[in-house]
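Scroll down for the structure; my scribbles are underneath it.
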Amino acid sequence: MCGIVGGIAQRDVVPILMEGLKRLEYRGYDSAGVAVLDERQHIQRIRSVGKVAALKDLIDGAALSSSLGIAHTRWATHGMPAERNAHPHMSGERVAIVHNGIIENYADLRQDLSAKGFTFTSETDTEVIAHLLADVLASEPDFIKAIRKASSKLVGAYALAVVSPDDPDQMVVIRAGSPLVIGLGVGENFIASDVFALLPVTQRFIFLDEGDLAHVSRDEVRIFDDQGRQVEREVRTSRVSASSAEKGPYRHYMLKEIFEQPAVIAETLEGRIHKGKLLEDSFGFEAKQLLDKTQNVHIIACGTSYHAGLVARYWLEEVGIHCSVEVASEFRYRQVVVPENTLFVTISQSGETADTLAALRGAETQGYLGSLTICNVPESSLVRESNVALMTRAGPEIGVASTKAFSTQLVALRLLVLALAKRRGMSTERERELVEELHALPRQVEVILELNDAIKEMANAFAEKNHALFLGRGSFYPIAMEGALKLKEISYIHAEAYPAGELKHGPLALVDAEMPVICALPDDPLLEKVISNLQEVRARGGELFLFSDQKVKIGLDRFQNLTLSDIYPSTAPIVYTVPLQLLSYHVAILKGTDVDQPRNLAKSVTVE
Ligand code: G6P
């Protein structure tokens, strides 16, 4: 939530900041702004409501240029999207600040600062930081000391970048709960919320630790830990290319990412299975030690990643591992009973979701065996703070609606399930079968993608609808939840998922010709039960949209159906997800919504 970028160079940094903002837009896009120090060492600020493109028009019109600047794209927390609430925030002409996170004690600070005569022009928590710093600077002229002192008064999670005419040859950044990276150049350095923002200018990064404060000048980066001691942090080279975060020939990132699934699933399996065997050594030694002791699993995640966890619960319990799954925002605030030998598993695309991270941190003292994260971003906080990371290799996911991250999470979970099942005496024959089923998955997904045109046709029936019901049973219930989430987040059609057997306990009352009902019908032991539930829908005039296994005999009167063939039960939930993603995509196109950046949402939720 919110993206920040900054740069100090010999050259004009404004185009670099603008490109960085565009790449960070997935984090929030209700307003954006830039502040630079001009050659007279005055702060020049331009802000705009709406997307980065709107800001760019203003910047181009003003011919803004500078060798030092900071910029921000916002996802509103405190204060509605409006120019006055857009960052950077300033205190007089003294400081300009961009911020990602939430300052929890901002109301108290605002009251104190107002009493001291500071005038607030926004409703944000960030403006409080700007005035607080200006207040401290009045008695502490050393800029760095003043920042340290001011930040010690802040309660909450934040990443900050600050520039000031008082110190015109550097910017200062702090990481305290929200992500921040430093991108290293030659005679120039940059900062941003993530590496993607800076890939056009560098591949060398420093990932700040919690509590770090860094002075970033043209020729050096000096980092101090939360005790004020100067420290060295490792410089890492990113293997992600700048173009991997581009749209290519696709109209939207979401479509590109749906179509990338065969490749990224294969990538996620690479080196982890071979000739009918799970190559568990690829998980690392620490993983082996943890998995040897694991009797129970607690999975914590948010959004789409939570749905992946729900699917895994069915898979894990099938092989005798007790598993509970919970959204991180609930888990982190309740008392939990942790059975002996329980592995704490987080699932996250970004590895920065604030609730998931807080849950992991809280779990450290709750008696878990250890922590394992299934994550897509190698340099993320979750990866760094978990005992073991099982990486999905989906590559950058930019569309706010998660697609390829979900399918690769499920693939990683299948690998985890296999590893645990082997410890429970799974035969080599069964291991071979299951591994072969995983191996076949990329090709199966490719075949499903060939249904794209037929799904586009099916989507026409949804364009005028206001509600939709997704049904599923067993591990297809979470797939129905994921289908409903996709539809609601990008098409704004109200969509609900229900376990098909629960239909008669309420939602059946809603069913009529205006309520499309969507259901995956895999060839599994619950098939007959689900078909009976669908009969109940038809009997009430409900419109059915089905995705069924070729072998399935449906025996209903009117419905639209697309058949899928050669699907294996162990990976079927992954395969059946793909047509639901495409359906949502095409409905959103018909609705004319902003597919990649749906209203009110953001991809990386780094606030509570
Ligand atoms: C946001 C995104 C979702 C994502 C969820 C969890 O809501 O829009 O796509 O599933 O956060 O994010 P994570 O990065 O932890 O998977």
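The values are calculated or read from the model by the stated rules, or taken from the named source; none is laboratory data. Predicted model, so just to flag it, every value in this text is computed and none were measured. Don't worry about glycine lacking a Cβ; one is built from the backbone with ideal geometry, like all the others, and counts go over all protein chains shown. SASA here: full protein model, heavy atoms, side chains in, ligands and nucleic acids out. Shrake-Rupley method; radii C 1.70, N 1.55, O 1.52, S 1.80 Å.
Largest first and in whole Å, give the semi-axes of region 1-114's equivalent ellipsoid, each being the square root of 5 times a Cα gyration tensor eigenvalue.
On the way: eigenvalues 102, 59, 28 Å².
They are 23, 17, 12 Å, listed largest first.
Which of the peptides 30-38, 463-471 is most tightly packed, and how do the rest follow, judged by the mean count of other Cβ atoms within 10 Å per residue? Please list the in-between numbers first.
On the way: 30-38: 25.8, 463-471: 19.1.
The packing order, highest mean first, is 30-38, 463-471.
With Kirkwood's inverse mean 1/r over C-alpha pairs for Rh, give me the Rg to Rh ratio of region 127-172, two decimals please. Each step should come with its number before you reach the end.
Numbers: Rg = 10.1 Å, Rh = 10.9 Å.
Using only Cα positions, Rg/Rh for region 127-172 is 0.93.
From the square roots a ≥ b ≥ c of the eigenvalues of the alpha-carbon gyration tensor of region 320-429, which class results: rounded (a/c under 1.5), prolate (a/b over b/c), or oblate? Intermediate results must be reported in sequence, preceding the final value.
Working: a/c = 1.88, a/b = 1.06, b/c = 1.77.
Judged from the Cα gyration tensor, region 320-429 comes out oblate (a/c at least 1.5, b/c at or above a/b).
Ignoring any ligand, DNA or RNA, what whole percent of the accessible area of region 219-350 comes from carbon and sulfur when the probe is 1.4 angstrom? If you can, show how the numbers build up before the last one.
Details: 3120 of 6820 Å².
Carbon plus sulfur share of accessible area: 46 percent.
Under a point-charge model restricted to the Cβ atoms of Lys and Arg (+1) and Asp and Glu (-1), what is the dipole moment magnitude of region 253-591 relative to its Cα centre, in debye to the nearest 20? Could you put the intermediate results ahead of the total?
Numbers: 33 positive and 43 negative charges, 64 e Å.
Approximately 300 debye in magnitude.
Output ³J(HN,Hα) for region 474-489: one whole-Hz value per residue in order, computed from phi by the Karplus curve 6.51 cos²θ - 1.76 cosθ + 1.60 with θ = phi - 60°, and x for Gly and Pro.
After applying 6.51 cos²θ - 1.76 cosθ + 1.60, I find x, 5, 8, 5, x, 5, 5, 4, 5, x, 5, 4, 4, 5, 5, 6 Hz.
Ignoring ligands and nucleic acids, what accessible area does R361 show with a 1.4 Å probe (Å², nearest 10)?
Answer for R361: close to 80 Å² accessible.
Once the dipole of region 253-591 is set up with Lys and Arg at +1 and Asp and Glu at -1 on Cβ about the Cα centre, which of S475, L583, S380 lies farthest towards its positive end?
Sorting the options by dipole projection puts first S475.
Once both axes come from the Cα atoms, what is the angle between helix 354-363 and the longest principal axis of the chain, in degrees from 0 to 90, rounded to 10?
So the inclination is approximately 80 degrees.
Between D57 and L449, what is the spin-label point distance in nm, taking each point 7 Å from the Cα along the Cα→C-beta axis?
3.5
Would you mind working out the magnitude of the charge dipole of region 29-128 relative to its Cα centre, with +1 at each Lys and Arg C-beta and -1 at each Asp and Glu C-beta, to the nearest 20 Debye? Let's see the in-between values first.
Details: 10 positive and 13 negative charges, 29 e Å.
Dipole size: approximately 140 debye.
Could you tell me the calculated FRET efficiency between S152 and A82, based on Cβ-Cβ distance and R0 = 30 angstrom, to the nearest 0.05? Intermediate values should be presented prior to the final figure.
Working: r = 30 Å, r/R0 = 1.01.
After rounding to 0.05, the efficiency reads 0.50.
Where does region 166-252 land on the Kirkwood hydrodynamic radius, alpha-carbon pairs, in angstrom? If you can, show how the numbers build up before the last one.
Details: mean 1/r = 0.0722 Å⁻¹.
Over region 166-252, the inverse of the mean reciprocal pair distance is 13.9 Å.
Is the shape of region 482-548 rounded, prolate or oblate, going by the alpha carbon gyration tensor and its root eigenvalues a ≥ b ≥ c, with a/c under 1.5 for rounded and a/b larger than b/c for prolate? It would help to have the intermediate numbers written out before the result.
Numbers: a/c = 1.77, a/b = 1.24, b/c = 1.43.
It comes out oblate by the Cα gyration axes.
Find the Rg to Rh ratio for region 528-577, where Rh is the Kirkwood radius over alpha-carbon pairs and Rg uses the same atoms. Before the final figure, lay out each step's value.
On the way: Rg = 11.7 Å, Rh = 11.8 Å.
Expressed as Rg/Rh, it is 0.99.
So, for the chain, what is the accessible surface per residue at a probe of 1.4 Å, expressed in square angstrom? The partial results should precede the final answer.
Details: 23280 Å² over 608 residues.
Here the residues of the chain average 38 Å² of exposed surface.
In whole Hz, what ³J(HN,Hα) sequence does region 93-103 give by Karplus (6.51, -1.76, 1.60; θ = phi - 60°), x for Gly and Pro?
Whole-Hz 3J(HN,Hα) from phi for region 93-103: 9, 7, 9, 10, 9, 10, 9, 10, x, 9, 9.
If I model a spin label at Y314 and H505 as a point 7 Å from the Cα along the Cα→Cβ vector, what separation in nanometres do I get?
My value for the distance between the label points is 1.8 nm.
Given a Förster distance of 41 Å, report the FRET efficiency between E514 and R251 from their Cβ-Cβ distance, rounded to the nearest 0.05.
Details: r = 29 Å, r/R0 = 0.71.
Step by step, r from the Cβ atoms, then E = 0.90.
How large is the Rg to Rh ratio of region 222-319 when both quantities use alpha carbon positions and Rh follows Kirkwood? Walk me through the numbers before you get to the answer.
Values: Rg = 19.6 Å, Rh = 18.3 Å.
Ratio value, two decimals: 1.07.
Starting from the Kirkwood radius over alpha-carbon pairs of region 457-608, derive D by Stokes-Einstein at 10 °C in a medium of 1.306 mPa s and give it in µm² s⁻¹.
Values: Rh = 15.7 Å.
Result for D is 101 µm²/s.
Quick check for you: which residues of region 560-574 have the amide N under 19 Å from the point 7 Å beyond the Cα of E457 toward its beta carbon?
560-565
What are the residues whose amide H is under 5 Å from the amide H of G28, where those residues sit 5 or more places off or on another chain and H is modelled from the backbone?
When sequence neighbours closer than 5 places are left aside, the close amide H contacts are C2, K603.
Could you work out how far helix 303-318 tilts from the main Cα principal axis of the chain, as a 0 to 90 degree angle to the nearest 10?
With rounding to tens, the tilt is 40 degrees.
Taking amide hydrogens as modeled 1.01 Å from N in the peptide plane, which residues meet the under 5 Å criterion relative to V325, leaving out close sequence neighbours?
I299
What is the extension gain from R236 to Q535, computed as 0.36 nm multiplied by their sequence separation minus the C-alpha to C-alpha distance, in nm to one decimal? List each step's numbers first, then the result.
Working: separation 299, 0.36 × 299 = 107.64 nm, distance 5.75 nm.
Residue separation times 0.36 nm, minus the Cα-Cα distance, leaves 101.9 nm.
Could you work out the pair-distance distribution P(r) of region 355-498 from its alpha-carbon pairs, with 10 angstrom bin width and percents rounded to whole numbers?
9, 26, 35, 23, 7, 0
Under the Karplus relation 6.51 cos²θ - 1.76 cosθ + 1.60, θ = phi - 60°, what is the ordered set of whole-Hz ³J(HN,Hα) values for region 375-392, x standing for Gly and Pro?
8, 9, 10, x, 8, 6, 4, 4, 5, 5, 9, 8, 5, 9, 10, 10, 7, 7
Can you grab the distance from the C-alpha centre of region 117-182 to the C-alpha centre of region 394-416, Å, no decimals?
Going from one Cα centre to the other spans 37 Å.
Subtracting the Cα-Cα distance from 0.36 nm times the residue separation, let me have the gained length for R599 to N466 in nm, one decimal. List each step's numbers first, then the result.
On the way: separation 133, 0.36 × 133 = 47.88 nm, distance 1.69 nm.
Full-extension gain reported as 46.2 nm.
Take the Cα gyration tensor of region 115-227, multiply each eigenvalue by 5, square-root it, and list the three semi-axes largest first, rounded to whole angstrom.
On the way: eigenvalues 129, 47, 35 Å².
They are 25, 15, 13 Å, listed from largest to smallest.
Based on the mean of other beta carbon atoms within 10 Å per residue, what is the order of 567-580, 521-534, 161-174, most packed first?
Working: 567-580: 23.5, 521-534: 18.1, 161-174: 21.9.
Result, highest mean Cβ count within 10 Å first: 567-580, 161-174, 521-534.
Going toward the positive end of the dipole of the chain, with +1 on Lys and Arg Cβ and -1 on Asp and Glu Cβ, which of L180, V216, I265 do you reach last?
Highest projection toward the positive end goes to I265.
Using C-alpha positions alone, give me the convex hull volume of region 438-505 per residue in cubic angstrom. Before the final figure, lay out the partial values.
Details: hull volume 7.5 nm³, N = 68.
Considering the Cα atoms of region 438-505, their hull volume per residue is 110 Å³.
Roughly how big is region 3-237's charge dipole about its Cα centre, with Cβ charges of +1 (Lys, Arg) and -1 (Asp, Glu), in debye to the nearest 20? Write out the running numbers ahead of the final one.
Working: 25 positive and 33 negative charges, 57 e Å.
Rounded to the nearest 20 debye, it is 280 debye.
At 0.692 mPa s and 37 °C, plugging the Kirkwood radius over alpha-carbon pairs of region 3-237 into Stokes-Einstein gives what diffusion coefficient in µm²/s? Walk me through the numbers before you get to the answer.
Values: Rh = 17.2 Å.
Here the translational diffusion coefficient equals 191 µm²/s.
How long are the semi-axes of the equivalent ellipsoid of the chain, taking √(5λ) for every eigenvalue λ of the Cα gyration tensor, in whole Å from largest down?
Numbers: eigenvalues 401, 150, 94 Å².
Equivalent ellipsoid semi-axes, largest first: 45, 27, 22 Å.
Between D523 and E340, with labels modelled 7 Å along Cα→Cβ, what's the label distance in nm to one decimal, could you check?
4.5
Based on the alpha carbon coordinates of region 253-591, what radius of gyration and maximum Cα-Cα distance (Dmax) apply, in Å?
Considering region 253-591 through its Cα atoms, Rg and Dmax are 19.5, 57 Å.
Give me the number: length gained by fully extending R11 to E270, i.e. 0.36 nm times residue separation minus the C-alpha to C-alpha distance, one decimal in nm. Intermediate results must be reported in sequence, preceding the final value.
Details: separation 259, 0.36 × 259 = 93.24 nm, distance 4.17 nm.
Result for the pair: 89.1 nm of gain on full extension.
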